[in-house]
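The values are calculated or read from the model by the stated rules, or taken from the named source; none is laboratory data. Quantities reported herein were computed from a predicted structural model and do not represent experimental measurements. FYI the Cβ positions are ideal-geometry reconstructions off the backbone, even for glycines, and counts take in every protein chain you see. What goes into the accessible areas is simple: the full protein's heavy atoms, side chains included, and nothing from ligands, DNA or RNA. Shrake-Rupley method; radii C 1.70, N 1.55, O 1.52, S 1.80 Å.
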Amino acid sequence: MTLYIFYFLSFLAVLSAFMVVYSKNPVHSVLYLIVTFFSIAGHYILLNAQFLAAVHIIVYAGAIMVLFLYVIMMFNLNKEAEPHKDAYIKLAATIAGGIFMIVLIGSLKGVEHIENLNTPNQSAGLIKNLGNVLYRDYMLPFEMASILFLSAMVGAVFLGKNELK
Amino acid sequence: MEQQIVAQTLYGIPLNAYILLSAVLFSIGVLGVLYRRNIIIILMCIELMLNAVNLLMAAFGAFRGDSNGQIFVFFIMAVAAAEVAVGLAILVMIYRNTKNTDIDNMSKLKW
């Protein structure tokens with residue numbers, strides 16, 4: 001049963017990822033990307049990482065996709081304004097990406113079936129356990145992330161200003 | 001009881017399947033960066049690649065029963081959010097100056 005859920009979510013993720021690349025309209029690309037993100041959130045739930053699934057949906061589908069849609073809406077991009085490469089570059093890109101995929105998958109060929117190294121900690125993905133680890137072992141990186149966000153916010157506002165004086 | 005079900009879930013799916021899925025998603029992201037000219041789509045494909053790596057790290061962490069992997073995924077998400085904010089601000093500035101979103105306009109780094 002869970003294997004079928006895994007196959008379905010994987011198929012959905014890969015298909016919508018292809019549609020992100022190949023759809024002509026940027027708004028459609030964003031919508032397919034939301035489908036990809038939701039299926040990846042489903043994978044997180046399958047991996048027993050509920051906190052990650054919730055954060056993934058909130059951050060990606062809630063914040064980042066709204067930013068993308070807002071920028072597309074502000075630029076008024078549609079199918080006519082979409083720039084296109086010529087066919088040779090598209091062919092070269094497809095061949096290069098395909099060869100990259102073949103190399104990545106082919107490197108897995110000799111790997112034997114990986115067993116669980118130790119009995120998995122079932123509560124590893126719960127908020128209580130993650131919060132303990134985050135605020136005890138990763139206190140400094142957590143605070144650095146807030147500084148990163150502050151600088152990113154200041155940088156975005158500065159770049160978005162109309163005239164730089 | 002519920003945790004027993006979740007444990008069986010983890011045993012049912014081999015780790016190789018997650019590695020395969022992440023490799024495919026990452027290569028689709030690379031393909032998109034090479035294939036498209038629109039800067040917004042290229043940013044989206046970068047997000048796709050980051051998500052593939054996140055999924056792989058969460059899978060390894062879950063299979064080892066270790067929560068450190070999930071903490072790292074959390075930090076990667078934070079960095080990705082900051083990256084998107086700054087990238088879209090740069091994109092808005094480019095669009096204001098060149099009036100389109102073609103990446104080839106930026107090949108000279110001046111206008």
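For this structure, a couple of remarks:
- Working from label points 7 Å from Cα in the Cα-to-Cβ sense, the A:LYS109 to A:LEU150 distance is 5.3 nm.
- Length-normalised contact order of chain B in % [C-alpha pairs under 8 Å, at least 6 apart]: 26
- Between A:ASN162 and A:PHE100, the distance separating the two model label sites (each 7 Å from Cα on the Cα→Cβ line) works out to 4.0 nm.
- Positive-end extreme of charge dipole, the protein assembly as shown - chosen from B:ASN54, A:PRO26, B:SER22 (charges on Cβ): A:PRO26
- Rolling a 1.4 Å probe over the protein heavy atoms gives the protein assembly as shown an accessible area of 52 Å² per residue.
- Under 25 Å, Cα to Cα: Lys pairs in the protein assembly as shown, sequence gap 8 or more or different chains: 19
- Modelled this way, with points 7 Å down the Cα-to-C-beta line, the labels at A:TYR7 and B:SER107 are 4.5 nm from one another.
- Whole-Hz ³J(HN,Hα) from phi, Karplus 6.51 cos²θ - 1.76 cosθ + 1.60, for region A:51-58, glycine and proline x: 4, 4, 4, 5, 5, 4, 5, 5
- For chain B, modelled as a GNM whose springs connect Cα atoms under 10 angstrom apart, the maximal fluctuation among B:GLY29, B:GLY87, B:GLY65 occurs at B:GLY65.
- Gyration tensor verdict on region B:59-100 (Cα atoms; rounded if a/c is under 1.5, prolate if a/b is larger than b/c, oblate otherwise): prolate
- Kirkwood-Stokes translational diffusion coefficient of region A:1-80, alpha-carbon pairs, 25 °C, 0.890 mPa s, µm²/s: 184
- Considering only B:MET77, B:MET93, B:MET49, the mean-square fluctuation computed in a Gaussian network model of chain B, springs between alpha carbons under 10 angstrom, is largest for B:MET93.
- Shape of the protein assembly as shown, Cα gyration tensor, a/c cut at 1.5: oblate
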